[in-house]
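Colleague: Okay, handing you the structure first.
The values are calculated or read from the model by the stated rules, or taken from the named source; none is laboratory data. Predicted model, so just to flag it, every value in this text is computed and none were measured. Note: ideal-geometry Cβ built from the backbone for every residue, glycine included; neighbour counts use all protein chains shown. All accessible areas refer to the heavy atoms of the entire protein, side chains included, with ligands and DNA or RNA removed. Shrake-Rupley method; radii C 1.70, N 1.55, O 1.52, S 1.80 Å.
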Amino acid sequence: MIELLTSLLAITLRSGTSLIYATIGEIYTERSGVLNLGIEGMMLMSAVTSFAVVYHTGSLLLAILTAMAVGGLLASVHAFLSITMRANQVVSGLSITLFGAGMASFLGQRLGPETNSGYLVGLVGAKFEPLNIPVLSRIPVVGALFNQDILTYIVYLVLPLAWYYLYKTRNGLNLRAVGENPQTADAMGINVGKVRYIYTIIGGMLVGIGGAHLSLSYAPGWTENITGGRGWIVIALVIFSMWNPARAIWGALLFGGINAVQFRLQASGTNIPASYLNMLPYLATVVVLVMLTWWEALSKRVGAPSSLAKSYMREDK
Amino acid sequence: MRIIFEKRKSMSRKAMFLVPAGSFLISLILTAILLAIFKANPWATYVAMFKGAFGSWPNFTETLVKAIPLMLTGLGVLIAFRLKFWNIGAEGQLTFGGIAAAWVALFWSPNLPQWTVLPVAILMGMLAGALWAGIPALLKVRLKVDEVLTTLMLNYVAILFAEHLYYGPWRDPKGFGFPGTPPFPEFAWLPRIAGRAHMGLIFAIVLAVVIWFILNRTRWGFELKVIGNNPTAAQTQGIRIARNIMIALLFAGALSGLAGVCEVTGISRRLQQGLSIGYGYTAIIVAWLAQLNPIAAIFVALLIAALLVGGDQVQMMMGLPAAMGLVLQGMLLFPMLAGALFTEYKLRLIRSPKITDAATKQEQVAT
């Protein structure tokens, strides 16, 4: 039993890591008032480029930096369209996803070595290996926390830091102000556009790390559609964590946990339809969304940035 | 010198035409650069894509096959978008339409006169799509729950439910483990017109004209316009916003449901994996590029379908990934989205910095 729990937790964390990075990224983006539905495309692009880099250079650090750059770059396209050009954020985000998915598939057939006629599929490169932390990793169940790769360990640090930055620093306050009420923030002397740009791009970089974790650790290598819809799950997780980075862990554990349980069920040949299990997180998100809205209607603040997906134009005042 | 955006008094007609045309040109140029970087001849690629989509009658009918679901879902999305209801759920509504049609074709057909099976399947499919759109619509008008997220989440519920059916209880026992239901009986097949292109094409074109008429020539269409453009004005005029949103969304869902019915009864003739290849999301792009005009949506859907079919052809003929079609779609949207601003705003240069300086000084004095 204890062994089962330990392995479930280990798989949960492994599949949850990429989700947590991307969720924190999107929380920051949405907190500034920008809705980015391009995560799926951004994760695919960073997964393919980071794997290409690691394959050709062998450097995992360089691969992660590439993923961050690619995620940031695509996010800046979204930022330009939705902040500077005041485009519809839903459509802009979707077009990032379309473009990213198409481009990633294209690059997967072009960035490989000549010997493989440009294909990356099926190649093996360096990957993040689990690092055992002595003593801690041998504790039953909890030990699973300390038998992960370095990106997961970094997540343990990022989670509290992201929370602290958002709620306890001046910059975090400004960020929340911009997402909440850009007019007031502007009057307070905050440059609304600049803040939105910064956090959309930072968010994109974190999403990039999430994508890289897939191709460098969780499912090493490049396969078409490696994300399998994770980019959309992230959108759900942001709501699930009520725009609070510290809570991103619970949603990621739930989604990752469902993955892990399925893994087990399939292995044991149990007959619970996997589809129903898979549906749970999405249904749960709808329920959470309904409850949040109802709760907010009772004027209890839960954290949804009120100007989410609305562009801000000074001249319109 | 400073650049500011100034709101136009009315939408610029010139910009409404120039922006899409310019965007198309820019996207061709951007993609050509991309192709050249990866040592593919852009001109040859475009020619191959064009030939793949329109070059021969069989190819053209395949373009129509892909265009039909895009037209129907595009119309559904467009109606919702007119009300500023961001319906991202066409994918799920389409899936539920397909499920309902399969249910009728497989399990009701033994008890129904044969000639009624197809009409009943169509009606049930539209009803299922409408119900699936009705859930987020009801949540929105009753509880103000954000529709972008609910429609998106319900897509996955619908797709997973369909998966459950054709992997589980509805799976074809003679299918050798193939994820799909048994084939429908022949009287449940939607008649085909040319190649694999089916009756759905006629439904789509007729509906586009009907919707154009409703939106532009009827009292209800006018009410929808007011709600979309200015909800406050709608309220003061006594237009019932909640009721209108509900009706419009049920209608929109029915259209996407019909797309699902057409796919399962016209193309695959069974419910199987890959019912939708993202038509519901592409529909948003169709609606957007058509600038929410139903007639334009028919042509835009055809264009996007040509990109998809052309992409497949390019893969076969030039060894380029079929995903080129998606890349082109993205490239088409970026300049389009950026340009949309110019239909409502114009750029103005403020040339004399002295005046602005003086103005700020005055402000400072005043405070």
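Colleague: For B:F203, what accessible surface area do you get with a 1.4 Å probe? Give it in Å², rounded to 10.
Modeller: 50
Colleague: OK, next. Using a 1.4 angstrom probe with every protein chain in place, what is the largest-first accessible-area order of B:Y156, A:Y28, A:Y218, A:Y276?
Modeller: On the way: B:Y156 40, A:Y28 15, A:Y218 65, A:Y276 100 Å².
Largest accessible area first, the residues go A:Y276, A:Y218, B:Y156, A:Y28.
Colleague: Might you report the magnitude of the Cβ-based charge dipole of region B:1-122 about its Cα centre, with Lys and Arg at +1 and Asp and Glu at -1, to the nearest 20 debye? Provide the component values of the computation, followed by the final result.
Modeller: Working: 11 positive and 3 negative charges, 168 e Å.
My answer is approximately 800 debye.
Colleague: Using a 1.4 Å probe, how large is the accessible area of B:W220, given in Å² and rounded to the nearest 10?
Modeller: Approximately 60 Å² for this residue.
Colleague: With unit charges on the beta carbons (Lys and Arg positive, Asp and Glu negative) and the dipole taken about the Cα centre of the protein assembly as shown, which residue among A:G41, A:P182, A:G257 sits farthest to the positive side?
Modeller: With unit charges placed on the Cβ atoms, the residue in question is A:P182.
Colleague: State the percent of C-alpha pairs, over all pairs in region B:159-293, separated by a distance greater than 21 angstrom. Don't jump to the answer; show the numbers that get you there.
Modeller: Working: 5048 of 9045 pairs.
The proportion of pairs with Cα distances above 21 Å equals 56 percent.
Colleague: Top to bottom by accessible area (1.4 Å), largest first, where do B:K140, B:K39 land? Can you show the working numbers first?
Modeller: Details: B:K140 65, B:K39 185 Å².
Output order, biggest surface exposure first: B:K39, B:K140.
Colleague: Separate question: Which value, in debye to the nearest 20, gives the size of the charge dipole of the protein assembly as shown about its Cα centre, when Lys and Arg are +1 and Asp and Glu are -1 at the Cβ? Display every interim value, and only then the final one.
Modeller: Details: 49 positive and 27 negative charges, 383 e Å.
Charge dipole, the protein assembly as shown, about its Cα centre: 1840 debye, nearest 20.
Colleague: To continue, here is another question. Taking Cα atoms, how many degrees apart are the long axis of helix B:279-289 and the longest axis of chain B, rounded to 10 and kept between 0 and 90?
Modeller: Helix B:279-289 and the main axis of chain B meet at about 30 degrees.
Colleague: Per the helix-only calculation at 222 nm, which mean residue ellipticity applies to chain B, given -39500 (n - 2.57) for every DSSP H run of n ≥ 4 and division by its residues, nearest 500 deg cm²/dmol?
Modeller: Details: 15 runs with 256 residues, N = 367.
That calculation yields -23500 deg cm²/dmol at 222 nm.
Colleague: Another one. Structure shown: which of A:K310/B:K84; B:K84/B:K225; B:K14/B:K346; B:K14/B:K84 lie over 18 Å apart, alpha-carbon to alpha-carbon?
Modeller: On the way: A:K310/B:K84 12 Å; B:K84/B:K225 10 Å; B:K14/B:K346 12 Å; B:K14/B:K84 24 Å.
As for pairs spanning more than 18 Å Cα to Cα, those are B:K14/B:K84.
Colleague: What net charge is computed for the residues neighbouring B:L70, neighbours being all others with C-beta under 14 Å from the C-beta of B:L70, Lys and Arg scored +1, Asp and Glu -1? Kindly include the intermediate steps, with their values, before the conclusion.
Modeller: Numbers: positive: B:K66; negative: B:E62, B:E91, B:E263.
Residues close to B:L70 contribute a combined charge of -2.
Colleague: Next question. Hey, how many Å between the Cα centroid of region A:1-75 and the Cα centroid of region B:140-172?
Modeller: Cα centroid of region A:1-75 versus Cα centroid of region B:140-172: 26 Å apart.
Colleague: How high is the relative contact order of chain A, in percent, with contacts defined as C-alpha pairs under 8 Å that are six or more residues apart? The partial results should precede the final answer.
Modeller: Details: 567 pairs, mean separation 111.5, N = 317.
So the answer I get is 35 percent.
Colleague: Of B:A102, B:A338, B:A158, which is the most mobile in a GNM of chain B whose springs link Cα atoms less than 10 angstrom apart?
Modeller: Residue with maximal mean-square fluctuation among B:A102, B:A338, B:A158: B:A338.
Colleague: Rounded, prolate or oblate, given the Cα gyration tensor of region A:47-169, with a/c below 1.5 counting as rounded? Each step should come with its number before you reach the end.
Modeller: Numbers: a/c = 2.78, a/b = 1.18, b/c = 2.35.
Since a/c reaches 1.5 but b/c is at least a/b, the shape of region A:47-169 is classed as oblate.
Colleague: Add +1 for every Lys or Arg and -1 for every Asp or Glu among the other residues with Cβ under 12 Å from the Cβ of A:L60, and state the total. Spell out each step's value before the answer.
Modeller: Numbers: positive: A:K127; negative: A:E129, A:D149.
Cβ neighbours under 12 Å give a net charge of -1.
Colleague: What FRET efficiency, computed as 1/(1 + (r/R0)^6) with R0 = 41 Å and r the Cβ-Cβ distance, is obtained for A:I154 and B:I205, rounded to the nearest 0.05? It would help to have the intermediate numbers written out before the result.
Modeller: Values: r = 55 Å, r/R0 = 1.35.
That gives a FRET efficiency of 0.15.
Colleague: Dividing the convex hull volume of the Cα atoms of region B:256-306 by its residue count, what figure in Å³ per residue is obtained?
Modeller: On the way: hull volume 4.1 nm³, N = 51.
Taking the convex hull of the Cα positions in region B:256-306, it is 81 Å³ per residue.
Colleague: What does the convex hull of the Cα atoms come to per residue for chain A, in Å³?
Modeller: On the way: hull volume 46.5 nm³, N = 317.
For chain A, the hull spanned by Cα atoms encloses 147 Å³ per residue.
Colleague: Report, in debye and to the nearest 20, how large the dipole of chain B comes out about its Cα centre when Lys and Arg carry +1 and Asp and Glu carry -1 on their Cβ. Present the calculation step by step, with values, prior to reporting the outcome.
Modeller: Values: 30 positive and 14 negative charges, 258 e Å.
With Lys and Arg at +1 and Asp and Glu at -1, about 1240 debye.
Colleague: Taking the Cα atoms of region B:262-359, report the difference between the largest and smallest coordinate on each principal axis, in whole Å and largest first.
Modeller: Rounded to whole Å, the extents work out to 73, 33, 21 Å.
Colleague: Here is a follow-up. In sequence order, what are the phi-derived ³J(HN,Hα) couplings for region B:214-221 according to the Karplus relation 6.51 cos²θ - 1.76 cosθ + 1.60 with θ = phi - 60°, rounded to whole Hz, with x for glycine and proline?
Modeller: 4, 5, 9, 10, 10, 4, 5, x
Colleague: Based on the alpha-carbon set only, what is the convex hull volume of chain B divided per residue, in Å³? All intermediate terms of the calculation are to be shown ahead of the outcome.
Modeller: Numbers: hull volume 71.0 nm³, N = 367.
Convex hull of Cα atoms, per residue: 194 Å³.
Colleague: Could you work out the pair-distance distribution P(r) of the protein assembly as shown from its alpha-carbon pairs, with 20 angstrom bin width and percents rounded to whole numbers?
Modeller: Histogram of Cα-Cα distances, whole percents per bin: 17, 52, 28, 3, 0.
Colleague: Which of B:F251, B:G310, A:P160 sits farthest toward the positive end of the charge dipole of the protein assembly as shown, with +1 on the Cβ of Lys and Arg and -1 on the Cβ of Asp and Glu?
Modeller: Toward the positive end, the furthest listed residue is B:F251.
Colleague: In peptide A:105-116, how many Cβ atoms from other protein chains are near each Cβ within 10 Å, on average?
Modeller: 3
Colleague: Can you tell me how region A:172-242 classifies by the Cα gyration tensor, rounded, prolate or oblate, using a/c under 1.5 as the rounded cut? Could the numbers behind the result be given before it?
Modeller: Values: a/c = 3.97, a/b = 2.52, b/c = 1.58.
In terms of gyration-tensor shape, prolate.
Colleague: OK, next. Convert each backbone phi in region B:246-255 into a coupling constant with the Karplus relation 6.51 cos²θ - 1.76 cosθ + 1.60 (shift: θ = phi - 60°), then list the ³J(HN,Hα) values in order as whole Hz, x for Gly and Pro.
Modeller: 4, 4, 4, 6, 4, 4, 4, x, 4, 5
Colleague: Looking at chain B as a GNM with Cα springs under 10 Å, which of B:M324, B:M246, B:M316 has the largest mean-square fluctuation?
Modeller: Looking only at B:M324, B:M246, B:M316, the biggest GNM fluctuation is shown by B:M316.
Colleague: Using Cα-only point scatterers and the Debye equation, what is log10 of I(q)/I(0) for region A:74-116 at each q in 0.16, 0.20, 0.25 Å⁻¹, rounded to two decimals?
Modeller: So the normalised log intensities are -0.50, -0.63, -0.79.
Colleague: When only Cα pairs under 8 Å and 6 or more residues apart are kept, what is the percent relative contact order across region B:67-300? Provide the component values of the computation, followed by the final result.
Modeller: Working: 421 pairs, mean separation 99.4, N = 234.
It comes to 42 percent, rounded to a whole number.
Colleague: Keeping all protein chains in position, work out how much accessible area A:Y197 exposes to a 1.4 Å probe, and write it in Å² to the nearest 10.
Modeller: Answer for A:Y197: close to 60 Å² accessible.
Colleague: Multiply the residue separation of B:K144 and B:Q273 by 0.36 nm, subtract the distance between their alpha-carbon atoms, and state the gained length in nm to one decimal.
Modeller: On the way: separation 129, 0.36 × 129 = 46.44 nm, distance 3.43 nm.
Residue separation times 0.36 nm, minus the Cα-Cα distance, leaves 43.0 nm.
Colleague: Could you do me a favour and compute the accessible area per residue for region A:183-247, 1.4 Å probe, result in Å²?
Modeller: Solvent-accessible surface per residue comes out at 31 Å².
Colleague: Using Cα-only point scatterers and the Debye equation, what is log10 of I(q)/I(0) for region B:276-328 at each q in 0.30 Å⁻¹, rounded to two decimals?
Modeller: -1.10
Colleague: Still on this structure, please answer the following. Would you work out which of B:V117, B:P335, B:G274 lies farthest towards the positive end of the dipole of the protein assembly as shown? Charges go on Cβ: Lys and Arg +1, Asp and Glu -1.
Modeller: After comparing all options, I get B:P335.
Colleague: Where the centroid of each part is defined by its Cα atoms, how far is region A:153-198 from region B:261-309 in Å?
Modeller: Taking the Cα centre of region B:261-309 as reference, the centre of region A:153-198 is 40 Å away.
Colleague: Who wins for biggest fluctuation among A:E296, A:E180, A:E26 in a Gaussian network model of chain A, springs between alpha carbons below 10 Å?
Modeller: In the Gaussian network model the winner is A:E296.
Colleague: Moving to a separate point now. Let me check something: with ligands and nucleic acids excluded, how do B:E186, B:E91, B:E223 order by accessible area (1.4 Å probe), largest to smallest? Provide the component values of the computation, followed by the final result.
Modeller: Working: B:E186 135, B:E91 10, B:E223 35 Å².
Largest accessible area first, the list is B:E186, B:E223, B:E91.
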